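K.L.:
My questions all concern the structure below.
No lab work stands behind these numbers, since they all come straight from the coordinates. Owing to the predicted nature of the structure, the values given are computational and were not obtained by experimental measurement. Ideal geometry is used to build each Cβ from the backbone, glycine not excepted, and the neighbour counts take in all protein chains shown.
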C-alpha cells in the first residue's frame, strides 16, 4: 500500500487542476511575496489625516413601525452598554469603545497591533480564531446605531457611533494590525459605512472623513484583489462589489482623484460581470456549497443593484440579472416557510444584509429585498423582514405578493427538493464544479411544520480552540447519510480542502405521481470502489429511503441527526419513536442512538442525538419515516 504522505501528495496533484492552475500558482506567488517582505513595501501604513466626525446629525424618519422600533432600540441599547453582536448572534461583553484586538470568547488579545498586516500569522494558537478579532471591525454595530438614531433622534446613538469610528481609525492605521489582514473584511467595512451614510441621509453630501476612509479602504482592496480572485469564492465577489459601489460613489460625491475612483469602479464592474458567471452553476447555485455563503452572494448582488439605481448608473447586462434571478430562485427553493434553510455547508455567521432585527438564520429579509430588486415584486407578505426594504427606501411596491409554492425539482448542481405538501425534504448529491468542504454526499434533510426534523450538524468553527469537545461537524458522521467502514467519503487535505472528489454515477429526475408525492434516486462510487445508491419516495408526511450499497468495505453505517428529546428505541422491531413521528428500519439491522453535537450558529453548539443503523455491506436498507 502506498505510504500516507505519498498518497496525499498525489491527491493534491489531482485536485490542483480543478482549483485552477493559475490560481494555485498565484497563491504560491503571493505567499512568497509576503514571506520575503516585498508585499509589505507595496502597502504603506498611513492614517486618514482628516479630523472631524464621520457622520453628522440628520432628521428622523417618519412613520416607522412601532414593533420594529422596539426591537431595534433594544439592540441599540445593548450596544451602548458595550455588548456587540458577534457572528450575528452572540452578544459579547466589550468595552466602550470596543477593544478592536480582543477575542472575547477566550479573553485573549492580539499583541501584533502595530505590525504590518503581512507580518501577522494566519493562525495563532494562543489568540485562537482570528475571526473572533475581526468581528467587531465588521461594524455590525454601526448599522444598529445609525438606524436607532434615525428612528429616535436620540443623539447618544449618533455620538456613540462617531466616537467608536474615531477610536477605530485612531487605533487601526491603514495596513497596520490584524484588522487590515483580509481584503474581504475591508470590503465589509465599506458596505457598512455606505449603508450608514444611506440610513443617515448623508450619501449625497458626506463628510471629508468618510470620503477619505472609503478611499483608503478601496486602495487596500484594489491592490490585492488578484489574491481574492484566486480563491474562487465570496472573497472575490465581495471585494469586486466594494470596488464597484465605492468607486462609483466617490465619483458622485468628490471631484478630486476621479481617475483613481473611475479605475476602482471599472475594475469592480468588469469583475462582477465575469464572476457572476464563473462562480455560478447554470441553475443558480453558488460556487461555495453553503446556504449562508449563497445568501452572502445574493446580498452582495442586491447591494450592487441598489447602489446602481441610487447612483443612477448604467445597468448591468441582461446576463448579469438573469444569473442574479437564478441565484434568488435557488435560495428561495431551499427556504422553509419559517424562514430557515437547511444547515448546508460552511456556516460562519456572516450576514451582509442586516438592516433588520430578525434572527441570523431567518433568510426572509434577504429573499424579500432581492425579490423586489430583481423580480420587481415581494415574495412574502408584510412582516419584520420588510425593514431591510424600508432602509433602501423601497416602500411603493405591489401589495399583492407572488406566491412561489415549493415544488419538487432537481438542481443539476447537486441538490434535490422534494415536496410532500405537509412536509418537504432536501437531498445533496455529489456534483462538484468547485471545491467541496463537507462530506455530505446523499445527505437527507427533513422538514415539517416549520421544524427541521432531521438535520445537518453545521460547522461550529473553522479554527476551534485546542481541546474543544466539538467533533469535526464537516464529517460524514455529522450528516444524514452513509459511511463505509466508518471512513470519510472524501479524504481531508486541508482546513478547507478535500481530495478525491466524488462524482455521481446516476442522477435521476423527479418521478411525480402528484404535486405532493413522488420519488427520486441517484448514486455515486467513492475512491475505494464502494457504491452508494439512494432512492427517496414520499407522499404527504410519509417518507421512504431505500439505500443499496456494495463494494470492498465490510460494514456500513447510516445516520440521522435529530433534536435532543424523549424517544423510545425498539431494537428488536427496528423502530425509533420520537415526539414528531417514527423511523422504522429493515428487520435485522442494528439500531443505536448516540449523543451528538450540532451547531446552528458559529461558535455555538447544542446537545442532539443521532440514530445510527449498522448493516453489512453488499446489501440494502429500507427506512420508513412517518410524521404525525
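K.L.:
So if we plug the beta-carbon distance of residue 81 and residue 56 into 1/(1 + (r/R0)^6) with R0 = 30 Å, what FRET efficiency do we get, rounded to 0.05?
P.N.:
Once rounded, the FRET efficiency stands at 0.75.
K.L.:
Calculate, for residue 511 and residue 577, the FRET efficiency according to 1/(1 + (r/R0)^6) with r their C-beta to C-beta distance and R0 25 Å; round to the nearest 0.05.
P.N.:
According to the calculation, E is roughly 0.25.
K.L.:
Relative contact order (percent) for the chain, with alpha-carbon contacts under 8 angstrom and 6 or more residues of separation?
P.N.:
Averaging sequence separation for qualifying contacts and normalising by length gives 10 percent for the chain.
K.L.:
Note the angle between two axes, namely the Cα long axis of helix 208-222 and the longest principal axis of the Cα atoms of the chain, as a number of degrees from 0 to 90, rounded to the nearest 10.
P.N.:
Taking the Cα atoms of the chain, the angle to 208-222 is about 40 degrees.
K.L.:
Rank the residues 437, 575, 317 as a footprinting-exposure proxy: fewest other Cβ atoms within 10 Å of their Cβ go first.
P.N.:
Ascending Cβ contact count within 10 Å gives the list 317, 575, 437.
K.L.:
How far is helix 155-171 tilted off the main Cα axis of the chain, in degrees rounded to 10, range 0 to 90?
P.N.:
90
K.L.:
Please report 15, 32 as a ranked list, fewest other C-beta atoms within 10 angstrom at the top and most at the bottom.
P.N.:
By the 10 Å Cβ count, ascending, the order reads 32, 15.
K.L.:
Continuing with this model, one more query. Each label point is 7 Å from the Cα along the Cα-to-Cβ direction; what then is the distance between the points at residue 338 and residue 71, in nm?
P.N.:
1.6
K.L.:
What's the ranking of 234-240, 211-217, 56-62 by average number of surrounding C-beta atoms within 10 Å, highest first?
P.N.:
234-240, 211-217, 56-62
K.L.:
Let me ask something else. What would the Debye formula give as log10 I(q)/I(0) at q = 0.15 Å⁻¹ for the alpha-carbon point model of segment 62-181, no solvent?
P.N.:
-0.68
K.L.:
Go ahead and estimate [θ] at 222 nm for the chain from helices alone: -39,500 (n - 2.57) per DSSP H run with n ≥ 4, summed, over the residue count, rounded to 500.
P.N.:
Helix-only estimate at 222 nm: -11000 deg cm²/dmol.
K.L.:
Report which label in [x] 25.0, 79; [y] 27.5, 91; [z] 23.6, 76 holds the value of Rg and Dmax of the Cα atoms in Å derived from the coordinates of this structure.
P.N.:
It is the value labelled [x].
K.L.:
Right, another one. Among 505, 39, which comes first, then next, by fewest other beta-carbon atoms within 10 Å?
P.N.:
The order, fewest Cβ neighbours first, is 505, 39.
K.L.:
For the chain, find the longest principal axis of its Cα atoms and tell me its angle to the long axis of helix 21-36, 0 to 90°, nearest 10.
P.N.:
50
K.L.:
How long are the three semi-axes of the equivalent ellipsoid for segment 409-627, computed from the Cα gyration tensor as the root of 5 times each eigenvalue, in whole Å, largest first?
P.N.:
Gyration-tensor ellipsoid for segment 409-627: 24, 21, 19 Å.
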